[in-house]
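Trainee: Here it is: the structure, laid out below.
The values are calculated or read from the model by the stated rules, or taken from the named source; none is laboratory data. In this text, all values refer to a predicted model and were calculated from it rather than measured experimentally. In this analysis, Cβ positions are derived from the backbone assuming ideal geometry, glycine residues included, and neighbour counts consider all displayed protein chains. SASA here: full protein model, heavy atoms, side chains in, ligands and nucleic acids out. Shrake-Rupley method; radii C 1.70, N 1.55, O 1.52, S 1.80 Å.
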Amino acid sequence: MRGFFQSSGIVAGQEWADAFRSRRALVLLVLYFVGALAATLLFIKVLHQVENQVESAVGISQSRQAGASTSALWRSHAFREGLIKLAGDDALARDLLTLPPLALFYGWLSFAFTPLLVILLSSARIAEEVWSGSVRFAMFRVSRGSWVFGKLTGQAAQLLVALLASGAAAWAMGWWRLAGFDPVANALVILLFALKAWVYAFAWLGVALAVSQLLTSPTLASVFGLIALMALAAVSGLAAAFTGPGWRSALDLVRMLTPGGHEADLWRLDTAHAVPAVLFLLALGLAYTAAGYARFGRRDL
(Lines give C-alpha, C1' and ligand atoms only; values in the text may rest on other atoms or scores of the structure.)
Protein backbone atom coordinates (compact mmCIF):
# COMPACT_ATOMS: atom_id res chain seq x y z
CA MET A 1 0.00 0.00 0.00
CA ARG A 2 2.85 2.37 0.81
CA GLY A 3 4.37 1.70 -2.60
CA PHE A 4 1.01 2.39 -4.23
CA PHE A 5 0.78 5.87 -2.70
CA GLN A 6 4.45 6.61 -3.42
CA SER A 7 3.95 5.70 -7.07
CA SER A 8 0.74 7.74 -7.19
CA GLY A 9 2.58 10.72 -5.74
CA ILE A 10 5.22 10.48 -8.44
CA VAL A 11 2.55 10.29 -11.15
CA ALA A 12 0.72 13.27 -9.61
CA GLY A 13 3.95 15.27 -9.64
CA GLN A 14 4.56 14.37 -13.27
CA GLU A 15 0.98 15.31 -14.11
CA TRP A 16 1.58 18.69 -12.45
CA ALA A 17 4.88 19.23 -14.28
CA ASP A 18 3.42 18.13 -17.61
CA ALA A 19 0.50 20.51 -17.16
CA PHE A 20 2.90 23.45 -16.90
CA ARG A 21 5.09 22.20 -19.75
CA SER A 22 2.11 21.89 -22.08
CA ARG A 23 0.56 25.11 -20.71
CA ARG A 24 -2.62 23.25 -19.70
CA ALA A 25 -2.17 24.57 -16.17
CA LEU A 26 -1.77 28.10 -17.51
CA VAL A 27 -4.98 27.77 -19.53
CA LEU A 28 -6.77 26.45 -16.45
CA LEU A 29 -5.57 29.30 -14.25
CA VAL A 30 -6.41 31.93 -16.88
CA LEU A 31 -9.90 30.50 -17.40
CA TYR A 32 -10.69 30.53 -13.69
CA PHE A 33 -8.95 33.82 -12.85
CA VAL A 34 -10.16 35.88 -15.80
CA GLY A 35 -13.60 34.26 -15.69
CA ALA A 36 -13.98 35.18 -12.02
CA LEU A 37 -12.78 38.74 -12.69
CA ALA A 38 -15.24 39.26 -15.53
CA ALA A 39 -18.18 37.67 -13.72
CA THR A 40 -17.53 39.63 -10.52
CA LEU A 41 -17.25 42.89 -12.44
CA LEU A 42 -20.60 42.16 -14.11
CA PHE A 43 -22.13 41.34 -10.70
CA ILE A 44 -20.89 44.63 -9.25
CA LYS A 45 -22.32 46.59 -12.19
CA VAL A 46 -25.72 44.92 -11.83
CA LEU A 47 -25.62 45.47 -8.06
CA HIS A 48 -24.89 49.17 -8.61
CA GLN A 49 -27.84 49.50 -10.99
CA VAL A 50 -30.17 47.82 -8.50
CA GLU A 51 -28.93 50.10 -5.72
CA ASN A 52 -29.48 53.19 -7.87
CA GLN A 53 -33.03 52.11 -8.68
CA VAL A 54 -33.80 51.58 -5.00
CA GLU A 55 -32.24 54.95 -4.13
CA SER A 56 -34.33 56.68 -6.81
CA ALA A 57 -37.48 54.97 -5.54
CA VAL A 58 -36.98 56.26 -1.98
CA GLY A 59 -35.96 59.72 -3.17
CA ILE A 60 -32.30 59.86 -2.15
CA SER A 61 -29.28 60.72 -4.28
CA GLN A 62 -27.74 57.88 -6.22
CA SER A 63 -24.42 56.53 -4.98
CA ARG A 64 -21.44 56.75 -7.31
CA GLN A 65 -19.91 53.44 -6.20
CA ALA A 66 -21.51 50.02 -5.85
CA GLY A 67 -21.92 48.69 -2.34
CA ALA A 68 -22.95 51.91 -0.65
CA SER A 69 -26.55 50.76 -0.16
CA THR A 70 -26.00 47.01 -0.19
CA SER A 71 -26.35 46.53 3.56
CA ALA A 72 -29.74 48.27 3.55
CA LEU A 73 -30.87 46.23 0.55
CA TRP A 74 -29.65 43.04 2.22
CA ARG A 75 -31.81 43.79 5.27
CA SER A 76 -34.95 44.78 3.34
CA HIS A 77 -38.02 42.59 3.88
CA ALA A 78 -38.83 42.24 0.17
CA PHE A 79 -35.32 41.10 -0.68
CA ARG A 80 -35.23 38.60 2.17
CA GLU A 81 -38.58 37.13 1.17
CA GLY A 82 -37.41 36.84 -2.45
CA LEU A 83 -34.26 34.99 -1.42
CA ILE A 84 -36.26 32.63 0.80
CA LYS A 85 -38.54 31.75 -2.12
CA LEU A 86 -35.53 31.27 -4.42
CA ALA A 87 -33.73 29.01 -1.94
CA GLY A 88 -36.89 27.09 -1.10
CA ASP A 89 -35.68 26.74 2.49
CA ASP A 90 -36.27 29.38 5.15
CA ALA A 91 -33.39 28.29 7.40
CA LEU A 92 -30.94 28.09 4.49
CA ALA A 93 -31.95 31.52 3.18
CA ARG A 94 -31.49 33.10 6.60
CA ASP A 95 -28.02 31.55 6.84
CA LEU A 96 -27.10 32.90 3.41
CA LEU A 97 -28.25 36.39 4.36
CA THR A 98 -25.57 36.49 7.05
CA LEU A 99 -22.85 36.21 4.37
CA PRO A 100 -21.29 39.06 2.36
CA PRO A 101 -23.09 39.47 -1.00
CA LEU A 102 -19.89 39.23 -3.06
CA ALA A 103 -18.80 36.01 -1.32
CA LEU A 104 -22.27 34.56 -1.87
CA PHE A 105 -22.06 35.41 -5.57
CA TYR A 106 -18.64 33.76 -5.79
CA GLY A 107 -20.08 30.62 -4.22
CA TRP A 108 -22.87 30.48 -6.80
CA LEU A 109 -20.41 31.11 -9.63
CA SER A 110 -18.08 28.31 -8.49
CA PHE A 111 -20.82 25.73 -8.01
CA ALA A 112 -22.51 26.63 -11.30
CA PHE A 113 -19.56 26.58 -13.69
CA THR A 114 -16.78 24.46 -12.16
CA PRO A 115 -18.38 21.08 -13.05
CA LEU A 116 -18.60 22.10 -16.73
CA LEU A 117 -14.98 23.28 -16.79
CA VAL A 118 -13.83 20.08 -15.07
CA ILE A 119 -15.59 17.92 -17.65
CA LEU A 120 -14.26 19.95 -20.59
CA LEU A 121 -10.67 20.02 -19.34
CA SER A 122 -10.29 16.55 -17.80
CA SER A 123 -12.49 14.11 -19.75
CA ALA A 124 -9.82 13.55 -22.39
CA ARG A 125 -6.83 13.47 -20.04
CA ILE A 126 -6.33 9.68 -19.82
CA ALA A 127 -7.83 8.94 -23.24
CA GLU A 128 -5.26 11.15 -24.99
CA GLU A 129 -2.37 9.28 -23.38
CA VAL A 130 -3.87 5.95 -24.41
CA TRP A 131 -4.48 7.30 -27.90
CA SER A 132 -0.90 8.57 -28.26
CA GLY A 133 0.60 5.42 -26.72
CA SER A 134 2.53 7.34 -24.07
CA VAL A 135 0.72 5.39 -21.34
CA ARG A 136 2.74 2.28 -22.22
CA PHE A 137 5.97 3.88 -21.02
CA ALA A 138 4.43 4.64 -17.64
CA MET A 139 3.16 1.08 -17.22
CA PHE A 140 6.76 -0.20 -17.09
CA ARG A 141 7.35 1.79 -13.89
CA VAL A 142 4.02 1.90 -12.00
CA SER A 143 0.86 -0.15 -11.73
CA ARG A 144 -2.26 0.90 -13.60
CA GLY A 145 -4.08 1.60 -10.36
CA SER A 146 -1.40 3.92 -8.98
CA TRP A 147 -1.13 5.64 -12.37
CA VAL A 148 -4.87 6.40 -12.48
CA PHE A 149 -4.94 7.50 -8.84
CA GLY A 150 -1.94 9.74 -9.50
CA LYS A 151 -3.77 11.31 -12.44
CA LEU A 152 -6.78 11.92 -10.20
CA THR A 153 -4.78 13.57 -7.41
CA GLY A 154 -2.70 15.60 -9.86
CA GLN A 155 -5.82 16.95 -11.57
CA ALA A 156 -7.45 17.62 -8.20
CA ALA A 157 -4.42 19.64 -7.05
CA GLN A 158 -4.53 21.77 -10.19
CA LEU A 159 -8.25 22.32 -9.70
CA LEU A 160 -7.72 23.48 -6.11
CA VAL A 161 -5.11 26.04 -7.18
CA ALA A 162 -7.42 27.29 -9.95
CA LEU A 163 -10.34 27.74 -7.56
CA LEU A 164 -8.18 29.58 -5.04
CA ALA A 165 -6.97 31.83 -7.88
CA SER A 166 -10.57 32.55 -8.92
CA GLY A 167 -11.44 33.37 -5.32
CA ALA A 168 -8.51 35.77 -5.14
CA ALA A 169 -9.71 37.42 -8.36
CA ALA A 170 -13.24 37.91 -7.00
CA TRP A 171 -11.89 39.28 -3.71
CA ALA A 172 -9.54 41.70 -5.48
CA MET A 173 -12.33 43.00 -7.72
CA GLY A 174 -14.59 43.51 -4.71
CA TRP A 175 -11.87 45.31 -2.77
CA TRP A 176 -11.31 47.61 -5.73
CA ARG A 177 -14.89 48.37 -6.78
CA LEU A 178 -17.18 47.95 -3.74
CA ALA A 179 -17.78 50.59 -1.08
CA GLY A 180 -17.79 49.35 2.49
CA PHE A 181 -15.99 46.16 1.47
CA ASP A 182 -14.94 44.04 4.46
CA PRO A 183 -11.72 42.33 3.28
CA VAL A 184 -11.42 39.84 6.14
CA ALA A 185 -15.03 38.66 6.18
CA ASN A 186 -15.13 38.33 2.39
CA ALA A 187 -11.79 36.51 2.27
CA LEU A 188 -12.89 33.93 4.85
CA VAL A 189 -16.22 33.17 3.18
CA ILE A 190 -14.72 33.11 -0.32
CA LEU A 191 -12.07 30.67 0.91
CA LEU A 192 -14.78 28.49 2.45
CA PHE A 193 -16.76 28.43 -0.80
CA ALA A 194 -13.61 27.73 -2.84
CA LEU A 195 -12.89 24.66 -0.70
CA LYS A 196 -16.51 23.50 -0.86
CA ALA A 197 -16.59 24.01 -4.63
CA TRP A 198 -13.39 21.94 -4.88
CA VAL A 199 -15.02 19.07 -3.00
CA TYR A 200 -18.09 19.32 -5.24
CA ALA A 201 -15.89 19.42 -8.34
CA PHE A 202 -13.87 16.41 -7.11
CA ALA A 203 -16.93 14.21 -7.65
CA TRP A 204 -17.26 15.55 -11.20
CA LEU A 205 -13.55 14.97 -11.72
CA GLY A 206 -14.21 11.32 -10.92
CA VAL A 207 -16.90 11.32 -13.61
CA ALA A 208 -14.49 12.87 -16.12
CA LEU A 209 -11.73 10.35 -15.44
CA ALA A 210 -14.19 7.45 -15.49
CA VAL A 211 -15.24 8.43 -19.01
CA SER A 212 -11.62 9.00 -19.99
CA GLN A 213 -10.70 5.47 -18.94
CA LEU A 214 -13.47 3.93 -21.03
CA LEU A 215 -12.61 5.55 -24.36
CA THR A 216 -9.52 5.83 -26.53
CA SER A 217 -10.45 8.87 -28.61
CA PRO A 218 -9.92 12.19 -26.76
CA THR A 219 -12.70 13.79 -28.80
CA LEU A 220 -15.21 11.07 -27.94
CA ALA A 221 -14.15 11.25 -24.30
CA SER A 222 -14.93 14.97 -24.22
CA VAL A 223 -18.30 14.44 -25.90
CA PHE A 224 -19.31 11.60 -23.60
CA GLY A 225 -18.07 13.58 -20.61
CA LEU A 226 -20.58 16.31 -21.48
CA ILE A 227 -23.29 13.71 -21.97
CA ALA A 228 -22.49 12.23 -18.55
CA LEU A 229 -22.65 15.70 -16.98
CA MET A 230 -26.08 16.40 -18.46
CA ALA A 231 -27.37 12.91 -17.65
CA LEU A 232 -26.33 13.04 -13.98
CA ALA A 233 -27.71 16.56 -13.60
CA ALA A 234 -31.02 15.43 -15.12
CA VAL A 235 -31.20 12.33 -12.92
CA SER A 236 -30.53 14.41 -9.81
CA GLY A 237 -33.16 16.99 -10.74
CA LEU A 238 -35.82 14.43 -11.67
CA ALA A 239 -35.19 12.36 -8.54
CA ALA A 240 -35.59 15.49 -6.40
CA ALA A 241 -38.80 16.45 -8.20
CA PHE A 242 -40.52 13.06 -7.95
CA THR A 243 -39.31 11.75 -4.59
CA GLY A 244 -41.98 11.12 -1.99
CA PRO A 245 -43.51 8.48 0.27
CA GLY A 246 -43.60 4.77 -0.45
CA TRP A 247 -41.51 3.40 -3.29
CA ARG A 248 -40.64 6.92 -4.44
CA SER A 249 -38.43 7.33 -1.37
CA ALA A 250 -35.92 5.17 -3.25
CA LEU A 251 -35.33 8.19 -5.47
CA ASP A 252 -33.53 9.82 -2.53
CA LEU A 253 -30.92 7.06 -2.81
CA VAL A 254 -30.63 7.75 -6.53
CA ARG A 255 -29.95 11.42 -5.78
CA MET A 256 -27.28 10.50 -3.24
CA LEU A 257 -25.36 8.70 -5.99
CA THR A 258 -25.08 11.92 -8.01
CA PRO A 259 -22.95 14.98 -7.16
CA GLY A 260 -25.97 17.27 -7.44
CA GLY A 261 -27.70 15.40 -4.66
CA HIS A 262 -25.25 16.89 -2.14
CA GLU A 263 -24.88 20.44 -3.47
CA ALA A 264 -27.58 21.94 -1.24
CA ASP A 265 -25.93 20.58 1.91
CA LEU A 266 -22.66 22.28 0.95
CA TRP A 267 -24.45 25.63 0.97
CA ARG A 268 -25.43 25.17 4.62
CA LEU A 269 -23.18 26.64 7.28
CA ASP A 270 -23.68 23.95 9.94
CA THR A 271 -21.30 21.01 10.06
CA ALA A 272 -24.15 18.53 10.57
CA HIS A 273 -25.05 18.94 6.87
CA ALA A 274 -21.74 20.03 5.37
CA VAL A 275 -19.42 17.32 6.74
CA PRO A 276 -21.48 14.32 5.52
CA ALA A 277 -21.82 16.00 2.12
CA VAL A 278 -18.05 16.54 1.91
CA LEU A 279 -17.30 12.94 2.83
CA PHE A 280 -19.90 11.58 0.42
CA LEU A 281 -18.68 13.72 -2.49
CA LEU A 282 -15.07 12.66 -1.95
CA ALA A 283 -16.24 9.04 -1.86
CA LEU A 284 -18.24 9.58 -5.07
CA GLY A 285 -15.19 10.97 -6.85
CA LEU A 286 -13.20 7.88 -5.90
CA ALA A 287 -16.10 5.54 -6.73
CA TYR A 288 -16.63 7.04 -10.20
CA THR A 289 -12.89 6.74 -10.90
CA ALA A 290 -12.89 3.15 -9.67
CA ALA A 291 -15.88 2.35 -11.92
CA GLY A 292 -13.90 3.53 -14.94
CA TYR A 293 -10.86 1.59 -13.74
CA ALA A 294 -12.90 -1.65 -13.67
CA ARG A 295 -12.74 -1.46 -17.47
CA PHE A 296 -9.38 0.30 -17.82
CA GLY A 297 -7.59 -2.27 -15.66
CA ARG A 298 -8.45 -5.02 -18.17
CA ARG A 299 -7.88 -3.08 -21.39
CA ASP A 300 -5.17 -3.97 -23.85
CA LEU A 301 -2.97 -0.89 -23.94
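Trainee: What size of dipole, in debye to the nearest 20, comes out for the chain about its Cα centre when the only charges are +1 on Lys and Arg C-beta atoms and -1 on Asp and Glu C-beta atoms? Let's see the in-between values first.
Mentor: Details: 23 positive and 16 negative charges, 166 e Å.
Around 800 debye, computed over the chain.
Trainee: If packing is taken as the average number of other Cβ atoms within 10 Å across a peptide's residues, how do 205-215, 22-32 rank, most packed first? Each step should come with its number before you reach the end.
Mentor: Values: 205-215: 26.7, 22-32: 15.7.
The peptides rank, most packed first, as 205-215, 22-32.
Trainee: Here's another thing I want to ask about it. Taking 0.36 nm per residue of separation and subtracting the Cα-Cα distance, what length does fully extending Leu269 through Val46 add? All intermediate terms of the calculation are to be shown ahead of the outcome.
Mentor: Numbers: separation 223, 0.36 × 223 = 80.28 nm, distance 2.66 nm.
Additional length available on full extension: 77.6 nm.
Trainee: Using a simple spin-label model with points 7 Å from Cα along the Cα→Cβ vector, what separation in nm is obtained for Thr216 and Ala112?
Mentor: So the two model labels end up 4.1 nm from each other.
Trainee: Now for a separate question. Which FRET efficiency, nearest 0.05, do Asp300 and Ala172 yield, Cβ-Cβ r, R0 35 Å?
Mentor: 0.10
Trainee: So, one more: Where does each of 152-164, 179-191, 280-292 land if you order them by average Cβ count within 10 Å, highest first?
Mentor: Those peptides, ordered most packed to least, come out 152-164, 280-292, 179-191.
Trainee: If you don't mind, there's one more thing I want to ask. Classify the chain: rounded, prolate or oblate, from the alpha-carbon gyration tensor (a ≥ b ≥ c, eigenvalue square roots; a/c under 1.5 rounded; otherwise prolate if a/b is larger than b/c)?
Mentor: Details: a/c = 2.57, a/b = 1.68, b/c = 1.53.
It is prolate, given that a/c is not under 1.5 and a/b is the larger ratio.
Trainee: Could I ask something else about it? Got a sec? Charge dipole of the chain, +1 on Cβ for Lys and Arg, -1 for Asp and Glu; which of Pro100, Pro259, Gln155 is way out at the positive end?
Mentor: Gln155
Trainee: When the convex hull of the Cα atoms of the stretch 260-301 is projected onto a plane and the area is averaged over all directions, what value comes out in nm²?
Mentor: About 3.3 nm², averaged over all directions.
Trainee: Rounded, prolate or oblate: which fits the stretch 215-271 when a ≥ b ≥ c are the square roots of the eigenvalues of the alpha-carbon gyration tensor, with rounded for a/c under 1.5 and prolate only if a/b beats b/c? Present the calculation step by step, with values, prior to reporting the outcome.
Mentor: Working: a/c = 3.43, a/b = 1.69, b/c = 2.03.
Note, shape of the stretch 215-271 comes out oblate.
Trainee: With the Cα gyration tensor of the stretch 134-254 giving a ≥ b ≥ c as the square roots of its eigenvalues, does the rule (a/c under 1.5 for rounded; else a/b larger than b/c for prolate; else oblate) give rounded, prolate or oblate? If you can, show how the numbers build up before the last one.
Mentor: Numbers: a/c = 2.48, a/b = 1.20, b/c = 2.08.
Taking the square roots of the gyration eigenvalues as a ≥ b ≥ c, the stretch 134-254 is oblate.
Trainee: Can you work out the accessible area per residue across the chain, with the rest of the protein chains kept in place, probe 1.4 Å, in square angstrom?
Mentor: Working: 15260 Å² over 301 residues.
Accessible area per residue: 51 Å².
Trainee: For n ≥ 4 DSSP H runs only, could you compute -39500 (n - 2.57) per run for the chain, divide by its residues and tell me the 222 nm figure to the nearest 500? Each step should come with its number before you reach the end.
Mentor: Working: 14 runs with 242 residues, N = 301.
The per-residue figure over the chain is -27000 deg cm²/dmol.
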